[in-house]
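The values are calculated or read from the model by the stated rules, or taken from the named source; none is laboratory data. Since the structure is predicted, the reported quantities are computational estimates derived from the model, not experimental observations. Quick reminder, even Gly has a Cβ in these numbers, built from the backbone with ideal geometry, and neighbours come from all protein chains shown.
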Amino acid sequence: MCVTKELKNMNKNACPCGSKLPYSACCEIYHAHHGTASTAQALMRSRYSAYALGLYDYVLATYASEFRQGLNESKLSESDNGTQWLHLEVISETSSGTCATVEFKATSIFNKHFYVMHELSQFVFREGQWFYTKGDIQAGSGEIKLGRNDLCPCRSGKKVKRCCRR
């Protein structure tokens with residue numbers, strides 16, 4: 001069953017990033033500023049969780065300063081308004097010194113339509129922590145066409161007609 005952002009905030013058991021760790025032992029550590037992500041993938045996962053939970057201050061703070069221009073929490077919130085993030089799949093991570101790339105697919109629902117965002121994200125390590133710089137949207141991004149009897153992309157195991165599209 002799909003969970004709203006408000007309920008996800010109250011349910012601290014499962015981290016939205018899909019790590020299978022409790023939120024309190026995973027992304028909450030970064031969101032609460034009790035530590036910084038040790039890898040670009042950990043930062044990307046924590047940014048995904050921040051979007052899923054509506055923590056746009058964290059998303060903004062984890063942008064590299066030169067890529068933060070023109071952004072604010074309000075703009076990030078507006079761009080995400082009504083989107084419910086369902087699932088994150090990390091495909092690969094490559095790192096070379098102070099630069100890293102993480103490829104992922106993030107599945108969401110907006111207005112009862114399902115979408116996948118396939119992105120190649122770039123990160124830089126400076127001042128002792130990783131920062132997001134930019135992402136390149138990859139082929140295969142966009143709306144997912146599903147029939148009523150297809151399994152729901154939220155991974156509940158239910159048919160889409162009995163789950164998120166209800």
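Structure data summary
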read-out	value
All positions within region 137-154 that are surrounded by fewer than 19 Cβ atoms within 10 Å (Cβ to Cβ) and either within 15 Å of the chain's Cα centre (by Cα) or part of a loop (DSSP other than H, G, I, E, B) (or both)	ILE137, GLN138, ALA139, GLY140, SER141, LYS145, LEU146, GLY147, ARG148, ASN149, ASP150
Per-region count, region 38-67, residues of a type in the set (Asp, Glu) and either over 18 Å from ALA100 (Cα atoms) or buried (at least 21 other Cβ atoms within 10 Å of the Cβ) (or both)	1
Filter result (loosely packed, with under 14 Cβ neighbours inside 10 Å and either among the small types (Gly, Ala, Ser) or farther than 22 Å from ALA37 by Cα (or both)) within region 78-101	GLU78, SER79, ASN81, GLY82, SER92, SER96, GLY97
Breaking point among (1) at pLDDT below 95; (2) farther than 16 Å from GLY18 by Cβ, for HIS87	(2)
Residue match in region 106-114 (condition: over 17 Å from TYR51 (Cβ atoms), in contact (Cβ under 8 Å) with a residue 12 or more places away in the chain and part of a strand (DSSP E or B))	yes
Sole exception among (1) part of a loop (DSSP other than H, G, I, E, B); (2) modelled with pLDDT of 95 or more; (3) of a type outside the set (Asp, Glu); (4) within 13 Å of the chain's Cα centre (by Cα) for SER19, by number	(2)
